[in-house]
Amino acid sequence: MYGIGIGESDFKILRIKKDYYIDKTKYIKDIIDNRSKVLLITRPRRFGKTLNMSMLRYYFDCTKKDSKELFKGLKIMEQEEKYTSKLGYYPCIYLTLKDAGLQSYELMIMQLRTLLMDIYYENRYLLEEAEMAPGERNTFNKILLAEANEIEIINGIKMLSKIMSTYYNKPVMLFLDEYDVPLQNAYVEGYYEEGIKFFKTFYGVTFKDNPYLEKTILTGVSRVAKESIFSGANNFDVYTVLNDEFSDDFGITEEEIDKVIKDFGIQDKKEEIKKWYDGYKIGNTEGIYNPWSILNYLKNKELIPYWVN
């Protein structure tokens with residue numbers, strides 16, 4: 001019997017609980033092979049974006065001491081040394097903006113202040129151990145107290161990446177999930193112009209010509225025009241459902257669904273499952289199954305349109 005971790009987006013929890021996991025660790029290899037400094041990858045909702053981001057973080061993060069056990073038996077550990085040597089190699093910053101879409105610009109800024117506070121608290125050891133300029137130390141403490149002003153919020157990720165890069169003597173990997181949620185909500189709530197102005201500056205400072213970053217990965221549902229918030233960003237590439245690169249790293253492929261139905265002993269249901277849930281083509285990869293629907297079907301054993309709600 002396999003556990004089904006529906007809605008679980010933390011890679012470590014999924015692996016510790018030994019819930020059923022479709023091995024997507026080839027995505028780590030694909031990220032390493034990609035030469036871009038900044039990658040934006042868009043996929044539909046419930047397609048495993050956050051779980052994949054969590055997986056990347058646990059793989060690369062040099063502060064996650066138990067990561068090797070989490071990846072034991074997975075495809076990435078079968079790769080050559082140029083890939084396996086990156087396990088636990090980089091300092092990492094992970095930021096999700098899924099909760100930053102609020103009813104007003106002021107509330108959005110308050111939420112960003114809180115999100116930044118959480119990231120700094122996770123790395124509070126740097127206050128004692130890292131070298132900082134007096135102004136950086138003062139700002140670090142302000143952010144910990146959720147007292148940062150807008151300028152300090154805008155510069156917060158870049159400042160932390162500088163401190164971490166200097167402390168570890170390595171560039172930082174930055175993972176930014178649900179990048180488009182605040183802007184979608186700003187449009188709906190009527191403060192889009194304020195929102196776009198803020199994030200154009202925030203993203204520009206965070207990863208445009210930031211010498212302390214190794215690579216930045218952004219994910220979201222929609223592609224916001226590059227010129228609106230990413231103008232001037234060098235070596236920036238966007239990968240949508242129309243691009244072939246990363247096409248089999250999200251969703252469930254035909255090969256993977258064959259393993260799933262074998263593992264669950266439901267080979268006789270394949271044609272029905274295909275009829276209901278095989279509706280996607282990403283890049284040149286056809287036969288992509290909706291993971292949200294498949295997981296719910298495996299749990300409930302009922303063929304109904306789970307994703308539509």
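The values are calculated or read from the model by the stated rules, or taken from the named source; none is laboratory data. The structure displayed is predicted, hence computed values, not measured ones. Glycine gets a Cβ as well: all are built from the backbone with ideal geometry, and neighbour counts include every protein chain shown. Remember, those area values only see protein heavy atoms, side chains included, never the ligands or the DNA or RNA. Shrake-Rupley method; radii C 1.70, N 1.55, O 1.52, S 1.80 Å.
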* Could you please tell me which pairs satisfy a Cβ distance under 7 Å, a separation of 6+ or placement on different chains, a first residue in the range 297-309 that is over 17 Å from G7 (Cβ atoms), and a second residue that is not in a loop (DSSP other than H, G, I, E, B)? => L303/E272; L303/W276; L303/Y297
* To do: Could you please find all residues in the range 94-107 being outside any loop (DSSP other than H, G, I, E, B) and out of contact with any helix residue (DSSP H, G or I) (no Cβ under 6 Å at 6 or more places or on another chain)?
  => L95, T96, E106, L107
* Run I304 past the list (1) farther than 23 Å from V181 by Cα; (2) under 21 Å from the mean Cα position of the chain (by Cα); (3) open to solvent by 40 Å² or more (accessible area, probe 1.4 Å); (4) of a type in the set (A, V, I, L, M, F, W, C) and report the number of the one that doesn't hold. => (2)
* Asked: Are any residues in the range 26-42 crowded, with 22+ Cβ neighbours inside 10 Å and not hydrophobic (A, V, I, L, M, F, W, C), and if so, which ones?
  -> Y27, T42
* To do: For the range 74-88, name all the residues that are in contact with an Asp or Glu (Cβ under 9 Å, 6 or more places away or on another chain) and assigned to a loop (DSSP other than H, G, I, E, B).
  => L74, G88
* Quick check: is even one residue across the range 10-25 modelled with pLDDT of 95 or more and farther than 27 Å from K262 by Cα? -> no
* Is it the case that V205 is at pLDDT below 95 and under 29 Å from T285 (Cα atoms)? -> no
* To do: Given the conditions (1) open to solvent by less than 20 Å² (accessible area, probe 1.4 Å); (2) out of contact with any helix residue (DSSP H, G or I) (no Cβ under 7 Å at 6 or more places or on another chain), report the number of the one that I154 does not fulfil.
  => (2)
* Asked: For the range 274-301, how many residues meet the condition of being closer than 19 Å to Y21 by Cβ and either buried (at least 16 other Cβ atoms within 10 Å of the Cβ) or among the aliphatic types (A, V, I, L, M) (or both)?
  -> 12
* Structure fact -> Residue set L95, L102, L74; condition surrounded by 14 or more Cβ atoms within 10 Å (Cβ to Cβ) and over 21 Å from L176 (Cβ atoms); output residue L74
